[in-house]
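Colleague: Here it is: the structure, laid out below.
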Amino acid sequence: MTALLSGTAMVTPALAQDATYLGRIQLENSGSASRTEGEGTASIGPVTDSVVPNSAGGALLGDVPLVNTPVSVSVVTNTQIEEQGAQSVAEALRYTPGVFSEYRGTSNLHDETQLRGFGSRTFVPKALDGMSFGRSSLGQLDPYYLQSVEVIKGPNSIAFGQVTPGGLINMTSKRPTDDQGNELVLTFGSDDYKGIATDLQGNLDADGDLRYRVVASLWDKTLQGDFGQSRLLLAPSLTWEIGDSTELTVYALYQNEPEAGQRGFMPYLGTMEPTNNGIWIDPDFVSYAPDFDTVERETWALGYEATHGLANGWSLTHMLRYSSIDLFHSQLGLWDSSDDGAGNYPLYLFESTDYAEELTARVSLDGEVVTGALTHNLTFGVDYLNSDVESTYARDDGSTYTYNFADMISPTNAQIAALTLDAYTSETHSELSQTGIFAQDRVEWGNWDLLMGLRYDWATTRISETYAASWGGGTSDDTYEAEALTGRVGLSYEFANGVVPYFSYSTSFEPVTELDDDGDASYDPTTARQWEAGVKWASADGKILLSAAYFDIQKKNIVESYLDEMNNPVTDQIGSVRSKGIELEAKAELMDNLTVIASYFNTDATYETGDYAGNTFYAIPTEQASVWVQYGFTEGVDGSLGVRYVGPSWNYETNDFQVPSYTLVDAGLSVDLGVIAPEAEGVKAAVTVQNLTDERYVTSCVREYCWLGEGRNWSLRLSYDW
């Protein structure tokens, strides 16, 4: 660290009558210092040709350099996604501290992610371009469509409303830019992977006031037998500069997955230990009935973003998006994690449908006010979310068919058709309506930054359920009202050598959608608070970003069930859990031919109340570490090597057993053919391999149901830029 700091440009605070650029400091005539883009400094905004990010619009209400953001934010750029060969958002986050994105192993239909110890019961929410996307974790977007993936850590509700205490993921889509470049990509890989993708953009008029971009991708692969995955993505967008002060972007997204993958369970025996007949389950196993299992998903989105600059230097922004996700899932699943002593596991048939619609909107007013030596960067706004999800679920009684991993004989479609889906049937309609108002002031005074923000939300959740007679019959219709005031405050100071220590406090809320013992929907929202202290440093040229943070998160008002003194079951809102630990992250382009990404995470995540007080959260690794190095052997030829360590985790609140730690190795090699042969200008070839040593490992267990991690897989990417 010392060597790196001593080799960077020094930033010296001063007051001057004329504007003077010194690194990230621009000194105004008013005598106040405001950080902006200066000479030798990376521009604020998305970086497309580097793994080192410089800003994250989702972290604060507006683009602020990451080094001056008093909260922990990790950004995965599209360059990192491409160079590491990630084929999902979950895979893109493998080298991000505090994130456990593949706890279900190969069974990852929804990019289910855990942040800072939270997410195993309530999914970490996802946002697209700053607004909610994919409620109930249904949505999964192709990473080729994304410009970056931001991980905003901790309970920060101010910009997004309802969030889990661990944080949320904000995905940024590709939009029209001033670049005129085009790209065509062919990809081949393991599991018979075949894909083609293109990214086209340019101007539709001579002045460049009307710009377009079209992102498209088509791929498929085989998982097991006739069971596979396939996806078609088409995402056009258009930006129109209307005069000197108004810009309008209209965009659409269509993603069709006739084979969306799978989401199943495996037993403890066969994964953690051999089955009773001595079988270890093959990591390539994903389905008990590959000829039958079906998962289909279709995603639509249409929206716009309009920005108008006012005469006084303020700007008004309006965003609106409608999206829908239609998911059908039919599968033969594992009924019980225990076999009959001879390796025969009972299976059950289930079928589910989910249709989710979301309407999101936001209006915000941004501007700057200077009061003496203080510069106030102000944001005021209101946002609205309406989410409507209709779901059905049916299953049989789970005693009709068994599966033995020794013979691996799946039932025929005729046998499955004979099963009856009437043992459990439900229909659920869940509608969330939420309105929030927010205000934020980022105050700059010399090298000091003070961030203050408040938000107030009104949320109404209505859940209607109908049960078949086989499940007791009847209907229920419950409405849950919640209001909450949340906020955050952060303070940072930038020293002359660029080191920025900071301290912050933030809060969040989540409505409780459970009935109390009297059958009333009267619980208060679940709340969380976080204390965080850290330090960041960025080089003046934007090629190195280092951060370290200590966090302490407490989640309160958790609903817990227990037995009272008379041994009667009682449900009460008394529970609290706590997660505290450290995070370290480094992203650096140390030389023209050397890039390093490194991270470390350690947490103490425990239950503070109830029967499990003192126990560790389940399915949460208490320690993670990773390092990825890319080295240019010669001009146009780069090699990469990565190592990921995931520490042990517990299986449930009871902490019955631990899932052992594992270490994985990734590698890659890329060649710019245009450097070797001028006639091949614009053509690049890259091979990436994940889990190079083909390590067999269990990602996590819940009770005695477990998931195996993905074995060795590779991909060959051929791209042409023009």
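Colleague: Report the net charge of residues surrounding LEU233, where surrounding means a beta-carbon distance below 13 angstrom and charges are Lys +1, Arg +1, Asp -1, Glu -1. Can you show the working numbers first?
Modeller: On the way: positive: LYS174, ARG231, ARG297; negative: ASP142, ASP199, ASP220, GLU257, GLU298.
So the surrounding residues net to -2.
Colleague: Nothing charged except the Cβ atoms of Lys and Arg (+1) and of Asp and Glu (-1): what's the magnitude of the dipole of the chain about its Cα centre? Round to the nearest 20 debye. Let's see the in-between values first.
Modeller: Working: 39 positive and 103 negative charges, 352 e Å.
For the chain, the charge dipole is close to 1700 debye.
Colleague: A 29 angstrom limit on the alpha carbon distance is what I want to check against. Which of LYS126/LYS580; LYS194/LYS543; LYS174/LYS580 exceed it?
Modeller: Values: LYS126/LYS580 23 Å; LYS194/LYS543 34 Å; LYS174/LYS580 35 Å.
The pairs that break the limit, which is 29 Å between Cα atoms, are LYS194/LYS543; LYS174/LYS580.
Colleague: Rounded to the nearest 5, what is the percent of antiparallel bridges among the DSSP beta bridges in region 236-333? Walk me through the numbers on the way to the answer.
Modeller: Working: 34 of 35 bridges.
Taking every DSSP beta bridge with both residues in region 236-333, the antiparallel ones total about 95 percent.
Colleague: Tell me the mean residue ellipticity at 222 nm calculated for the chain from its helices only (DSSP H runs of n ≥ 4, each -39500 (n - 2.57), averaged over every residue, nearest 500). Walk me through the numbers on the way to the answer.
Modeller: Numbers: 5 runs with 24 residues, N = 722.
After summing the helix terms and dividing by the residues of the chain, the value is -500 deg cm²/dmol.
Colleague: Net charge around LEU378, counting only other residues with Cβ within less than 13 Å of its Cβ (Lys, Arg = +1; Asp, Glu = -1)? Present the calculation step by step, with values, prior to reporting the outcome.
Modeller: On the way: positive: ARG442; negative: ASP366, GLU368, ASP441, GLU444.
The answer is -3.
Colleague: What is the spin-label model distance, in nm, from ASN182 to SER433 if the labels are put 7 Å beyond Cα along the C-beta direction?
Modeller: It works out to 4.8 nm between the two label points.
Colleague: Can you give the local net charge around LEU432? Use residues other than it whose beta-carbon is closer than 10 angstrom to its beta-carbon, Lys and Arg +1, Asp and Glu -1.
Modeller: Cβ neighbours under 10 Å give a net charge of -1.
Colleague: If you average the C-alpha positions of region 82-118 and of region 143-168 separately, how far apart do those two centres end up, in angstrom?
Modeller: That distance is 14 Å.
Colleague: Next question. Each residue of region 223-233 in turn: what ³J(HN,Hα) in whole Hz from Karplus with 6.51, -1.76, 1.60 and θ = phi - 60°, glycine and Pro shown as x?
Modeller: 8, 6, x, 8, 8, x, 9, 8, 8, 10, 10
Colleague: Describe numerically, in nm with one decimal, the distance between label points set 7 Å from Cα along Cα→Cβ at ASN404 and at VAL559.
Modeller: Going by the 7 Å Cα→Cβ label model, 4.4 nm.
Colleague: Take the alpha-carbon centre of region 447-501, take the same for region 230-251, and report the distance between them in whole Å.
Modeller: 30 Å
Colleague: If you take the charge dipole of the chain about its Cα centre, with +1 on Lys and Arg Cβ and -1 on Asp and Glu Cβ, which of GLY473, TYR697, GLY398 is farthest toward its positive end?
Modeller: TYR697
Colleague: What length, rounded to one decimal in nm, is gained on full extension from THR246 through to GLU465, with 0.36 nm per residue of separation minus their alpha-carbon distance?
Modeller: On the way: separation 219, 0.36 × 219 = 78.84 nm, distance 4.65 nm.
Taking 0.36 nm per residue and subtracting the Cα distance, the gain is 74.2 nm.
Colleague: Could you derive backbone 3J(HN,Hα) for region 312-325 from the dihedral phi with the Karplus parameters 6.51, -1.76 and 1.60 (θ = phi - 60°), listing whole Hz in sequence and x where the residue is Gly or Pro?
Modeller: Coupling constants for region 312-325: 8, x, 7, 9, 10, 10, 10, 10, 8, 8, 10, 9, 9, 9 Hz.
Colleague: Moving on. Using the crude model of +1 on Lys and Arg Cβ and -1 on Asp and Glu Cβ, and no other charge, please compute the dipole size for region 588-666 relative to its Cα centre, in debye to 20.
Modeller: Numbers: 1 positive and 11 negative charges, 29 e Å.
The dipole of region 588-666 has a size of about 140 debye.
Colleague: Ok, one more. Whole-Hz Karplus ³J(HN,Hα) for region 693-709, in order, using 6.51 cos²θ - 1.76 cosθ + 1.60 and θ = phi - 60°, x for Gly and Pro?
Modeller: Karplus-based 3J(HN,Hα) across region 693-709 equals 8, 6, 5, 9, 8, 9, 6, 5, 9, 10, 6, 10, 10, 10, 9, 8, x Hz.
Colleague: Which of the following values of Rg and Dmax of the Cα atoms in Å was calculated from the structure shown: (i) 29.7, 94; (ii) 26.0, 85; (iii) 36.3, 108?
Modeller: Structure-derived value, by its label: (ii).
Colleague: Continuing with this model, one more query. Take ALA414 and ASP205, extend 7 Å from each Cα along the Cα→Cβ direction, and tell me the distance between the two endpoints in nm.
Modeller: 6.7 nm
Colleague: Output the peptides 259-271, 234-246, 662-674 sorted from most to least packed, where packing is the average of other Cβ atoms within 10 Å over each peptide's residues.
Modeller: Ranking the peptides 259-271, 234-246, 662-674 by packing returns 259-271, 662-674, 234-246.
Bear in mind that the values in this text are calculations on the coordinates, not laboratory data. Not measured: the values here are computed from a predicted model. Note that we place each Cβ from the backbone using ideal geometry, even for glycine, and neighbour counts take in every protein chain shown.
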